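One structure is given here, and the rest of the page talks about it.
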Amino acid sequence: MKQVDIVVVGGSAAGIPAAITARRHYPEKSILLIRKEKQVLIPCGIPYIFGTVGAPENDLIPDGVLQANNIELIVDEAKDLNPKEKKITLASGESVTYEKLVLATGSFSCIPPIPGIDKKNVYPIKKDVQHLQNLLNTLNDSKDLVILGCGFIGVEFADECKKNRDINVTIVEMLNQCLQIAFGEEACKCCQEVEDYLAEKGINVITGVSLTEVLGDDKVTGVKLSNGQEIKADSLIVGIGVRPNVVLAEKAGLAVGKGGIVVDTTMRTSDPNIFACGDCTSKFSFFTGQPSGLRLASIATTEARIAGANLYEISRKNPGVVGVFSTALGNLTVAMAGMSAKGAKECGFDVVTGEAEAADRHPGGMPGMSKMWVRLVFNRVNGELVGGAVRGGPSAGELINTISAFIQTRMRANDIATFQIGTHPAVTASPIAYQLVNAAEMALKNVNG
Ligand SMILES: Cc1cc2nc3c(=O)[nH]c(=O)nc-3n(C[C@H](O)[C@H](O)[C@H](O)COP(=O)(O)OP(=O)(O)OC[C@H]3O[C@@H](n4cnc5c(N)ncnc54)[C@H](O)[C@@H]3O)c2cc1C
């Protein structure tokens with residue numbers, strides 16, 4: 001039987017930073033990471049396998065990061081967990097004991113109960129190299145691809161699959177607009193631009209209908225929609241969300257709820273020596289404290305850094321999920337942090353918004369310039385920032401992270417209108433037209449409007 005101080009089960013967005021953080025905080029401890037797959041995909045890079053990066057092996061997390069941090073790796077499946085004996089049994093039959101354990105077992109893709117969904121050439125998105133290689137082979141022979149779901153994953157897959165491939169791509173979305181869950185209806189400026197971009201690329205987006213049946217004998221030949229329409233398809237990608245992988249935790253008798261493994265704000269499970277983080281855990285909203293269904297790599301890594309630091313001494317707390325997303329299609333980046341005005345109102349907040357648009361370089365003729373639009377959403381009662389949306393070029397990706405920092409530090413419109421910025425013609429908007437500052441000023445103006 002192997003004896004280790006700290007064991008982490010799971011080797012992806014949550015498991016790796018949990019192990020590295022444990023190494024940084026507890027340098028004297030032995031650390032073992034157990035994961036079941038030989039090669040780990042960069043999960044957020046999966047859509048790019050089908051276009052920009054070209055193959056699953058170009059989208060892998062190198063194991064060197066574990067070696068560099070003196071973290072031992074075992075590639076095997078953890079089959080059983082006995083919290084009383086602090087023991088994990090692996091599929092190979094080997095056992096490992098621990099002082100502290102981190103579960104980072106992730107999630108499974110959702111497969112909706114649609115008749116015919118089990119036909120050949122129907123692909124849920126699995127984080128598995130061979131599965132994605134099979135999908136790549138199928139797509140390379142495919143003429144008519146249908147994608148179910150027009151969230152971030154659906155639009156990224158559509159754009160990438162269309163690149164360098166003679167293929168008809170159709171996205172089917174139940175809601176009225178693509179990306180609607182993330183942005184809320186009032187930020188539909190972003191959603192509309194994404195739909196315009198997809199249309200320009202020849203991608204057909206059908207919204208407001210659901211997919212009711214997968215047609216064909218053995219293989220998919222088409223799909224039927226709730227409006228009766230039938231669409232030809234020789235491949236179907238299902239990108240509609242995930243459910244937490246709680247198999248090991250449930251077997252071990254840990255508290256598990258609808259949202260995943262139950263954890264407190266220190267990321268500790270119902271067993272004080274077992275922590276959990278990432279897609280497998282329950283989450284709550286930063287704003288309301290209510291359960292949150294968001295599952296993102298950025299959330300997983302944050303939770304992992306809390307769990308890894310807290311193993312022997314509690315020093316970090318999880319403030320809850322803010323929810324920060326971004327996606328890029330060509331030169332268009334759309335991004336969102338926190339609540340949309342609509343979402344905030346639904347949660348009972350009285351809100352006021354401000355918007356600003358300007359070039360993200362100055363003068364506007366500088367190379368690489370994109371027009372950048374920012375909307376900020378404030379709580380009218382206490383003035384705190386509760387959300388923001390950005391549409392622009394590549395610079396929007398980091399601006400949304402600034403907005404997230406403002407939200408987490410509960411900055412008010414007046415603080416943002418006067419915050420000290422660094423600007424340069426080649427890399428930022430002008431200090432006069434700086435969108436964040438001006439959107440806050442507009443919100444202050446709108447308070448009384
Ligand atoms: C196509 C796609 C694109 C995405 N894009 C983004 C994005 O742009 N930005 C973003 O923030 N998020 C994105 N996400 C979400 C993100 O991928 C997940 O939130 C993230 O992968 C969660 O990480 P995790 O480590 O918790 O779980 P997972 O990535 O699911 O990893 C779980 C790990 O646990 C291992 N494991 C499970 N059970 C066992 C066991 N019993 N024994 C041993 N090992 C086990 C697995 O093998 C794996 O290594 C995307 C997801 C997909 C599918």
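Observations, loosely collected:
- Carbon + sulfur, % of accessible area of the chain - ligands and nucleic acids excluded, 1.4 Å: 50 percent
- Accessible area per residue in Å² at 1.4 Å probe, computed on region 276-378: 38 Å²
- All Cα pairs of the chain, percent lying beyond 37 Å: 32 percent
- Across Met372, Met442, the residue with the most accessible area heads the list, and the full order at a 1.4 Å probe is Met442, Met372.
- Solvent-free Debye calculation, one equal scatterer per alpha-carbon of region 1-49: log10 I(q)/I(0) at 0.15, 0.23, 0.25 Å⁻¹ equals -0.47, -0.85, -0.94.
- Over all Cα atoms in region 133-205, the spread is summed up by Rg and Dmax: 12.6, 40 Å.
- Of the residues Asp217, Asp166, Asp128, ranked by 1.4 Å probe accessible area with the largest first, the sequence reads Asp217, Asp166, Asp128.
- Dipole-positive endmost among Cys191, Ile111, Ile407 within the chain (Cβ charges, Cα centre): Ile407
- Contact order normalised by residue count of the chain, Cα under 8 Å, 6+ apart, percent: 13 percent
- Each Lys or Arg adds one and each Asp or Glu subtracts one; over the other residues with Cβ under 12 Å from the Cβ of Ile34, this totals -1.
- Under a model in which nothing but the beta-carbon of Lys, Arg (+1) and Asp, Glu (-1) is charged, region 340-449 shows a dipole of about 120 debye around its Cα centre.
- Annotation for Ala199 and Lys120: the two label points, set 7 Å from Cα along the Cα-Cβ direction, are 3.8 nm apart.
- Which of Arg391, Arg410 is most accessible, then next, and so on - probe 1.4 Å: Arg410, Arg391
- Size of electric dipole in the chain: Cβ of Lys, Arg +1 and of Asp, Glu -1, about Cα centre, debye, nearest 20: 780 debye
- Positive end of the dipole of the chain (Cβ unit charges, origin at the Cα centre): among Gly11, Ala307, Gly241, the Cα lying farthest that way belongs to Ala307.
- Applying 0.36 nm per residue to the separation of Thr409 and Glu313 and subtracting their alpha-carbon distance, the gain on full extension is 32.1 nm.
- Given charges at beta-carbon only (K, R positive; D, E negative), |dipole| of region 274-397 in Debye: 80 debye
- Choice from Gly216, Gly228, Gly239 with maximal GNM fluctuation in the chain (Cα, 10 Å cutoff): Gly228
- Principal semi-axes of the equivalent ellipsoid, √(5λ) from the alpha carbon gyration tensor of region 238-392, are 35, 19, 15 Å from largest down.
- Using a Förster distance of 41 Å, the FRET efficiency for Val209-His424 (Cβ separation, nearest 0.05): 0.30
- DSSP-defined beta bridges in the chain - what % are antiparallel, rounded to 5: 60 percent
- Region 71-157: relative contact order as a whole-number percent, Cα under 8 Å and 6+ apart: 12 percent
- The modelled label-to-label distance for the pair Glu28/Ala55, using points 7 Å beyond Cα in the direction of Cβ, is 4.7 nm.
- Of all aspartates and glutamates in the structure, those lying under 12 Å Cα to Cα from Lys86, and not within fewer than 8 positions of it along the same chain, are Asp5, Glu99, Asp271.
- Percent of alpha-carbon pairs separated by more than 15 Å within region 1-102: 62 percent
- Accessible surface for Tyr48 stands near 60 Å², nearest 10, in the context of the full protein assembly shown (1.4 Å probe).
- Of the residues Gln177, Ser210, Val102, the one whose Cα sits farthest toward the positive end of the charge dipole of the chain, with +1 on the Cβ of Lys and Arg and -1 on the Cβ of Asp and Glu, is Val102.
- Principal axes of region 106-227: Cα extent on each, largest first, Å: 42, 33, 32
- The chain, helix-only ellipticity at 222 nm - DSSP H runs n ≥ 4, -39,500 (n - 2.57), divided by all residues, nearest 500: -7000 deg cm²/dmol
- Accessible area (Å², 1.4 Å probe, nearest 10) - Leu41: 10 Å²
The values are calculated or read from the model by the stated rules, or taken from the named source; none is laboratory data. Treat the numbers as computed from the prediction; the structure is a model and nothing was measured. Note: ideal-geometry Cβ built from the backbone for every residue, glycine included; neighbour counts use all protein chains shown. Protein only, heavy atoms only, side chains kept; ligands, DNA and RNA dropped before computing areas. Shrake-Rupley method; radii C 1.70, N 1.55, O 1.52, S 1.80 Å.
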